[in-house]
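**Q** Structure incoming, see below.
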Amino acid sequence: MKQLTIYLVALTLCQVTTLFSQDKPAYVIYTSNGKKTSFEKLAEASEDKELILFGEFHDNPISHWLQLELTKEMYEEVGPKLQLGFEMFEQDQQELLSQYMQGSLTAKQFKDTMRLWPNYETDYAPIVDFAKKNKLFCVASNVQRKYASLLFKKGRKALDTLNLTIKSQMAPIDFTVDTTLSQYREVFTMGGHMGVNMGMNMVESQAFKDATMAQFIMANPGRKEGTVHLHFNGAFHSDFYQGILWYVQQKQTDIRVLTISTVTQDDVRKLDKEHIGRADFIICVPESMTRTH
């Protein structure tokens, strides 16, 4: 009887092990040093922060779902002090975004007048609708794409001819670039095949977006004492505590900030070494995950 009991226990353990080995998690969250953690811990870590930079993969449904869930959790904690910022909206359309939030524009008018990304309906509309329902101020933080492209093609001097209104919707054109940052070195390497000048223009175009987003995170009509800003941006813009954060810290060195990144791996059971230190929390998603566009 004892041997039979041992056999049955062993068989049960084997079946459980097989069951778990066949499980396919949609994501695993890691801390900066590669330790597994939970969404609950991530949400708790946001509670005493002034700024949360949520780095996404634009076509990753897990990123967008967790962005919405974090927005809800943070709203429960801080209520109307919560402010949302979007790389996906450009600063010249801030007034239209604010009008929609206030109910002055219908959903159709908003869609017809805004330059919305192709995946807006599936990925960003749920967050925007939550913000609208709860009267949260939303920031269109990015520079217009065409002016970042102009800088890339023709250099900073091409921005001198822009009128004052347009210049007010972007970082000052004499913004500093720290070319020693690893993210910008990577950009330069990517653009290096076009020559040194174009490689540097590519770096400056990337930094132009980072500096502009930082500017409107820190200075916008909805920012008040006690405001907590949750900003959604491509992971590259805040990975390794660089990009947007570098510019934010030029304005406020002691800002209480939390960073989140998204990565993909073939096997999510252990965080790859290259992702260690990428952010305070790292959302690891299977490479095979369905894309939204």
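Bear in mind that the values in this text are calculations on the coordinates, not laboratory data. All values reported here derive from a predicted model rather than from experimental measurement. Glycine also receives a Cβ, built like all others from the backbone with ideal geometry; neighbour counts cover every protein chain displayed.
**Q** Could you state the number of Å between the C-alpha centres of the stretch 235-271 and the stretch 145-207?
**A** Distance between centres, Cα-based: 21 Å.
**Q** Can you give the % of DSSP beta bridges in the chain that are antiparallel, to the nearest 5?
**A** About 20 percent, rounded to the nearest 5.
**Q** Then there is this: On the principal axes of its Cα set, how long, how wide and how thick is the chain? Give whole Å, largest value first.
**A** 90, 49, 38
**Q** I would also like to ask the following. Report the one residue of Ser141, Leu181, Gln206 whose Cα lies farthest in the direction of the positive end of the charge dipole of the stretch 104-242 (charges on C-beta: Lys and Arg +1, Asp and Glu -1; origin at the Cα centre).
**A** Ser141
**Q** Moving to a separate point now. Only Cα pairs under 8 Å and at least 6 apart count here; give the relative contact order of the chain as a rounded whole percent.
**A** Answer for the chain is 32 percent.
**Q** Same structure again: Using label points projected 7 Å from each Cα along Cα→Cβ, tell me how many nm separate Thr179 and Glu287, to one decimal.
**A** Here the modelled spin labels are 3.4 nm apart.
**Q** Another one. Quick check on the chain: helices-only [θ] at 222 nm, where DSSP H runs of length 4 and up contribute -39,500 (n - 2.57) each and the sum goes over total residues. Nearest 500, please. Walk me through the numbers before you get to the answer.
**A** Working: 11 runs with 125 residues, N = 293.
It comes out at -13000 deg cm²/dmol, rounded to the nearest 500.
**Q** Looking at the chain as a GNM with Cα springs under 10 Å, which of Leu258, Leu271, Leu181 has the largest mean-square fluctuation?
**A** Result: Leu181 has the largest fluctuation of those listed.
**Q** While we're on this one: Which length gain, in nm to one decimal place, applies between Gln99 and Thr253 when the Cα-Cα distance is subtracted from 0.36 nm times their residue separation?
**A** 52.2 nm
**Q** So which DSSP H runs in the chain come out at 20 Å plus along the axis (Cα) with average Kyte-Doolittle of at least 0.0? Intermediate values should be presented prior to the final figure.
**A** Numbers: long enough: 2-21 (28 Å, 1.16); 61-78 (25 Å, -0.44); 196-218 (33 Å, 0.29).
Passing helices, by number: 2-21, 196-218.
**Q** Right, another one. Considering Cα pairs under 8 angstrom that are at least six residues apart, work out the relative contact order of the stretch 96-244 and quote it in whole percent.
**A** Contact order relative to length: 23 percent.
**Q** Also, I was wondering about something else. Using the scaling law 2.2 N^0.38 Å as the reference, what is the normalised Cα Rg of the stretch 168-293?
**A** 1.17
**Q** Which entries of Lys167/Lys224; Lys24/Lys81; Lys146/Lys251; Lys72/Lys153 show an alpha-carbon separation above 30 angstrom in the structure shown?
**A** Lys24/Lys81; Lys72/Lys153
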